[in-house]
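Here's the structure, in structure tokens; my notes come after.
Quick note: the coordinates plus some simple rules give every number you see, no bench work behind them. Keep in mind that this is a model prediction, so the values were computed, not measured. Cβ placement follows ideal geometry from the backbone for every residue including glycine, while neighbour counts extend to all protein chains displayed.
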Amino acid sequence: MVPEDLLDRLSLDPQRQRRRLEFLEIGPRDEELLQEIREFGRAHVDEIVEDFYRHLQRFEETRQFLGGPDRVARLKQTQRAYFLRMLEGGFDSAYFESRLRVGDAHQRIDMPPEWYLGAFALYLRLLIQRLRMHYRHDPDHLCEIIQTLTKVIFLDASLAIDAYIAGGYVQRALAEQLAEMAEKATRALEEKAELERLKTDLTNMIVHDLKGPIGGILTVTQLALRKRGASEETHLKRFEQIQRSARDLLRMIENLLEIDQMESGRLELRVEAVEVEPLLQECAAEYRAAAEMAGQTLEVKVDGELPVLATDRWLLRRILNNLVVNAIRHSGSSATITLGAQPTENQLEIFVADTGRGIPLEEQAMLFQKNRRLPRGAHREDTGLGLVFCKMAAETMGGSIRLWSEPGVGTRFVVSLPIS
């Protein structure tokens with residue numbers, strides 16, 4: 001928009017210009033006072049402009065609009081002319097037009113109005129600092145000059161606001177805000193949709209996991225009912241299968257409940273002295289039969305004496321249970337699963353290792369995530385909540401969990417817990 005259009009668009013004809021001057025009470029006396037300090041302004045304009053730009057350089061919000069040294073030098077010359085024009089008076093259409101032109105130039109480069117209008121206050125402060133020294137022996141006259149300068153600077157500021165409105169800055173700023181709000185709303189909807197997809201996937205996987213042990217219980221009980229004349233040994237094996245399936249079901253339910261408790265900070269640790277090797281042997285004894293049924297070997301390997309931990313025995317046992325079940329489920333037949341532990345400087349590292357299929361690298365980073373989505377075709381089709389539980393439980397006990405895995409070689413989960 002050209003400046004002439006601004007005067008027309010703002011309906012700033014000579015009559016309205018006079019009304020604005022009347023409202024600010026800018027009159028002949030102000031013209032006289034401006035003429036009086038004109039020579040003073042010419043004598044101090046360079047230092048005022050230097051101080052003005054020194055202040056602008058201190059703030060990133062204004063510094064970004066200044067550019068390099070050559071551009072700053074040109075801006076200083078423009079600013080010098082702007083300042084001296086203010087002291088000339090003669091508030092006619094040409095003056096209004098020149099001030100609108102300056103405001104329009106600033107809104108075109110998207111200079112935020114809060115910084116542009118703040119520059120007027122800076123000008124007034126720099127002028128008053130010097131005028132106080134010049135008129136230190138005549139404070140009443142100084143007050144009169146300051147009143148005149150304040151009225152003129154407010155006139156310039158009001159014209160700057162007019163230029164911003166007429167130039168479309170407000171509409172652009174509003175459009176940018178609306179676009180930003182729309183983008184945030186779109187992201188929120190996308191995140192909500194993704195969360196819903198993940199929740200659906202998680203629900204499907206939980207159902208898939210729970211169907212396994214429940215189906216096992218139903219199958220074995222149906223066989224027992226059909227073959228009532230089977231030997232006592234056969235019945236015993238079937239009851240052992242029922243017990244294993246029931247334990248798996250209980251383990252999954254406990255995982256879900258305790259993950260919720262840890263997420264909400266409601267899980268309380270029951271700290272006691274824990275001897276780790278007997279705990280490893282106990283876990284191996286419970287799951288050795290399940291490993292043998294899968295064609296696997298389950299062993300415990302500990303070198304030397306292990307320190308006693310002050311931790312939650314039940315929670316540590318639950319971590320081991322989940323890691324061993326995970327190894328049995330995913331290692332494949334003929335794999336060897338090893339439970340062990342070894343002390344480091346300040347921690348005890350407890351591990352469950354297997355010689356099974358291994359885990360592809362692209363899946364490893366997601367194994368400990370509750371709301372995860374594995375790549376299509378991934379071989380781990382269960383919820384993986386056991387590993388989520390292990391990570392949260394280890395961290396609750398002040399430790400951590402990590403894994404190493406290589407496809408075709410095996411996997412090793414290591415739980416590190418503080419010794420003291």
*Sorting Asp162, Asp354 on the 10 Å Cβ count, fewest up front, what's the list?*
Asp162, Asp354
*Fully extended contour minus Cα-Cα distance, from Glu39 to Ala73, at 0.36 nm per residue*: 9.9 nm
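Hey, fewest Cβ within 10 Å first, where do Thr344, Thr411 land in order?
Thr344, Thr411
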*Determine which residues of segment 266-310 fall in the zone a paramagnetic label at Ser333 would reach in this model, i.e. backbone nitrogen under 12 Å from the point 7 Å along Cα→Cβ.*
293-296
*Label Asp138 and Asp303 with points 7 Å out from Cα along Cα→Cβ: what is the distance between them in nm?*
9.7
*Near the amide H of Asp312, under 5 Å away, which other amide H atoms are found, from residues 5 or more places off or on another chain, if H is placed in the peptide plane?*
Glu272
*Could you give the spread of the C-alpha atoms of segment 271-418 along their three principal axes, from largest to smallest, in whole angstroms?*
44, 32, 24
*Using the beta-carbon distance between Asp110 and Glu395 and R0 = 60 Å, what value does 1/(1 + (r/R0)^6) give for FRET efficiency, to the nearest 0.05?*
0.80
*asked:* How far apart, in nanometres, would the label points at Leu21 and Asp92 be if each is projected 7 angstrom from Cα along the Cα-to-Cβ direction?
replied: 1.0
*Could you list, bin by bin from short to long, the percent of Cα-Cα pairs of segment 1-52 in 5 Å steps?*
5, 16, 13, 13, 13, 19, 18, 3
*Within 10 Å, count the other beta carbons around each residue, average over each peptide in 55-61, 182-188, and list them highest first.*
55-61, 182-188
_Can you tally the net charge around Asp354? Count Lys and Arg as +1, Asp and Glu as -1, for every other residue whose Cβ sits under 13 Å from the Cβ of Asp354._
+2
*Quick one: which residues, 5 or more positions from Thr336 or on another chain, have an amide H under 5 Å from its amide H? H modelled 1.01 Å from N in the peptide plane, none for Pro or chain starts.*
Thr297, Thr355
*At a Förster distance of 45 Å, what's the computed FRET efficiency of Tyr82 paired with Ala185, Cβ-Cβ distance as r, to 0.05?*
0.55
_Leu66 versus Ile165: modelled label distance in nm, points set 7 Å from Cα along the beta carbon direction_ = 3.2
*Kindly state, to the nearest 0.05, the FRET efficiency for Glu286 paired with Ala193, given R0 = 56 Å and r defined as their beta-carbon distance.*
0.85
*How far, in nm, would the chain grow between Glu47 and Trp404 when pulled straight, counting 0.36 nm per residue and subtracting the alpha carbon separation?*
121.7 nm
*Where the eigenvalues come from the Cα gyration tensor of segment 3-167, what are the semi-axes √(5λ) of the equivalent ellipsoid, largest first, in whole Å?*
24, 23, 12
*Taking neighbour counts of Cβ atoms within 10 Å as a proxy for exposure, in what order, fewest first, do Leu75, Leu34 appear?*
Leu75, Leu34
*Residues in segment 384-420 that a label on Gln342 would reach, taking backbone N under 20 Å of a point 7 Å out along Cα→Cβ*: 400-406, 409-420
*May I ask you to list the aspartates and glutamates whose Cα is less than 16 Å away from that of Lys192, ignoring any residue fewer than eight positions away on the same chain?*
Glu183, Asp201
